[in-house]
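Peer 1: I have a structure I would like to understand better, so I am pasting it below and will then ask my questions one at a time.
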């Protein structure tokens, strides 16, 4: 008896999300390179930026492969980002509010992308 397993393709929006995460990782690594060139305590910030960039790459690869753990990491980070944005919106004014609103919208969009029926099916098949 043979059984056929239907493979769910990676949704386009998940791929777009991966591209954005990779670009963010590249930005972190670039920041690290610049900080390594500065004297003094900037080296600590450089190491932190490098680690953050490498985490971005690892999470992006996990999302490409449909890894539910990578999905959970992205979801948790964006829930925290949304919470921080809401606190910032409530407790500040002016430029910080504008930045917080953009951050909140981005986090909500990321969470929505990870929660679409297509994304649910994609990540569910890889458990």
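We did not get these values from a lab; they are worked out from the coordinates using the rules stated. Quantities reported herein were computed from a predicted structural model and do not represent experimental measurements. In this analysis, Cβ positions are derived from the backbone assuming ideal geometry, glycine residues included, and neighbour counts consider all displayed protein chains.
Peer 1: At 1.306 mPa s and 10 °C, plugging the Kirkwood radius over alpha-carbon pairs of the chain into Stokes-Einstein gives what diffusion coefficient in µm²/s?
Peer 2: Value of D from the Cα-based Kirkwood radius: 97 µm²/s.
Peer 1: How many angstrom separate the Cα center of region 92-111 from the Cα center of region 45-64?
Peer 2: Using only Cα atoms, the two centres lie 22 Å from each other.
Peer 1: In percent, how large is the relative contact order of the chain, given Cα pairs closer than 8 Å and 6 or more residues apart?
Peer 2: 29
Peer 1: Here's something else I'd like to know. Which value in nm describes the separation of the simple spin-label points at residue 126 and residue 36, placed 7 Å from the Cα toward the beta carbon?
Peer 2: Label-label distance for residue 126 and residue 36, simple model: 2.9 nm.
Peer 1: Two decimals is fine: what is log10 I(q)/I(0) at q = 0.14, 0.16 Å⁻¹ for region 19-73, from a Debye sum with one equal scatterer on every Cα and no solvent?
Peer 2: Here the Debye-derived log intensity ratios amount to -0.40, -0.49.
Peer 1: Then there's this: Would you calculate, for the chain, the mean residue ellipticity at 222 nm contributed by helices, counting each DSSP H stretch of 4 or more residues as -39,500 (n - 2.57) and dividing by all residues, to the nearest 500?
Peer 2: -27000 deg cm²/dmol
Peer 1: Mean-square fluctuation check for the chain, GNM, Cα pairs under 10 Å: which of 55, 21, 86 is largest?
Peer 2: Answer for the Gaussian network model of the chain: 86.
Peer 1: Can you put 31, 116 in order, fewest other beta carbons within 10 Å first?
Peer 2: Listing 31, 116 from fewest to most nearby Cβ atoms yields 116, 31.
Peer 1: So how do 80, 18 line up by other beta-carbon neighbours within 10 Å, fewest first?
Peer 2: Least crowded to most crowded, the residues run 80, 18.
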